[in-house]
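One structure is given below, encoded as structure tokens.
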Amino acid sequence: MRRALLLIMLFSLGACQKQTSSNCSPQDHSLSAKFNFKVGTVAEPFQLQANSPYLELVISQFNALSPENVMKANAIHPQEGVFDWYPSDQLVDFANDQNMRMHGHTLIWHQQLPEWISNFEGTKEEWRQVLKIHIQTIVARYKGRVAAWDVVNEAFTEDGNLRNSVWFQHLGAAYLRLAFEYAHEADPDALLFYNDYNLAQNPLKRNAAIRFCSDLKKAGVPIHGIGCQFHVSIDFPSHREMDACMRAVCEADFLLHISELDIALNPLSRSMPVPSEEDLQKQANLYYWIFKNYRRLPEAYQYGITLWGIGDADSWIPYFFNRDDYPLLFDENYQAKAAYCKLIEDL
Ligand code: 9MR
């Protein structure tokens, strides 16, 4: 009996020590305060509920904000001549009030288009008007309040060619140049980005996208940065590939935004009802490596790193791929994971 009591006491002491020795409670730390560059998150207005753990983390851990969906064309411009400003206004006002840098995402994309654009029938000139009105109405509304825009998103395919989107079909490759020029006319102070995925793991796509952006820039088109999304996993791409991607963007003289960072644990879609300690540790090491490597780049190119979500349950990955996954810094209860602790304690 006395032995059992002693064991219980020792166990409780251990548990206690474990709790108090942990030095990474988000209440006591701010992730963004650790870096000279901005650290952002994606959010939707409905998630910013008063007194919620979500809201607390947004405010305490991040100093930049991207909208996950509310600025995409189907949400903000559902019908010709009709703009639904309410949700994006809420987000922009929130970011401005909190002194967070607002990053607009995304003006021109082939996905999440409203039907009226997908089905639009018109001459080239009429398509140009659609592009112009869409971009300029949005950028002008948020002039001075949204610091930067993903002007064109995911225009390249994996083989390094321009995607056959409606924009390409009706305006040819020129739609990219036009998009940047229209955005710049509406807000000459906004930083303008090209944003895409798989730029680390696919050098063909990376080189094509960077070359295209460089050619635009040489021709005087206002394009300031490249967003490398970095939807990566603990297994791939390699450090070498991610490093090559970061360096290539800077060497081409573009601001580098790691724009949609998450690190999947389960890219092969196995059954994974709970994450293993080993995988969580690998994830922590990779988050750490990405932040550390980013911090080593020339400061002038460090636009910032944006996490694509806060808690694992909010992530697009389990939903989109229909699998268990745990890609973010906080778990489904908004408790800090090993990755958050490693960033806070080791960097
Ligand atoms: O996270 C977004 C998810 O909620 C949407 O359903 C999805 C629609 O395609 O878009 C997700 O965000 C994407 C981003 O806008 C562009 N890069 C890829 C992101 C993940 O799909």
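Dipole magnitude for region 226-346: about 260 debye, using +1 per Lys or Arg Cβ and -1 per Asp or Glu Cβ, origin at the Cα centre. Whole-Hz Karplus values for region 334-347 come out as 6, 8, 5, 9, 4, 5, 4, 4, 5, 4, 6, 8, 9, 8 Hz, taken residue by residue from phi with 6.51 cos²θ - 1.76 cosθ + 1.60 and θ = phi - 60°; glycine and proline positions read x. Among the trypsin sites (Lys or Arg not before Pro) found in region 266-347, those both in a DSSP coil and sparsely packed, with 14 or fewer other Cβ atoms within 10 Å of their Cβ, are Arg270, Arg296. Multiplying the residue separation of Gln111 and Asp28 by 0.36 nm and removing their Cα-Cα distance gives an extension gain of 25.9 nm. The DSSP beta bridges internal to region 24-346 are antiparallel in roughly 10% of cases. For the set Lys217/Lys342; Lys38/Lys72; Lys217/Lys282; Lys205/Lys282; Lys72/Lys342; Lys218/Lys342, the pairs lying more than 32 angstrom apart at their alpha carbons are Lys217/Lys342; Lys217/Lys282; Lys72/Lys342; Lys218/Lys342. Modelled this way, with points 7 Å down the Cα-to-C-beta line, the labels at Ala174 and Gln129 are 1.7 nm from one another. For region 24-346, the carbon plus sulfur part of the accessible surface works out to 48%, probe radius 1.4 Å.
Scattering from region 147-302 was approximated by placing one identical point on each alpha carbon and applying the Debye formula without solvent; log10 I(q)/I(0) at 0.17 1/Å stands at -0.99. A Stokes-Einstein calculation at 37 °C with viscosity 0.692 mPa s, built on the Kirkwood radius of the chain over Cα pairs, returns a diffusion coefficient of 154 µm²/s.
In this simple spin-label approximation, Arg270 and Asn99 carry label points 7 Å from Cα along the Cα→Cβ vector, and these lie 4.6 nm apart. Out of region 110-147, which GluC sites (Glu not before Pro) are coil in DSSP terms and have no more than 14 other C-beta atoms within 10 Å? Counting only loop positions with at most 14 other Cβ atoms within 10 Å, the GluC sites (Glu not before Pro) in region 110-147 are Glu121. Summed over the residues of region 24-346 and divided among them, the accessible surface reaches 42 Å² per residue at a probe radius of 1.4 Å.
The values are calculated or read from the model by the stated rules, or taken from the named source; none is laboratory data. Just so you know, these numbers come straight off a predicted model, no measurement behind them. For neighbour counting, all protein chains shown are included, and Cβ atoms are generated from backbone atoms with ideal geometry for every residue, glycine included. Areas reflect the complete protein model, heavy atoms only, side chains present, ligands, DNA and RNA absent. Shrake-Rupley method; radii C 1.70, N 1.55, O 1.52, S 1.80 Å.
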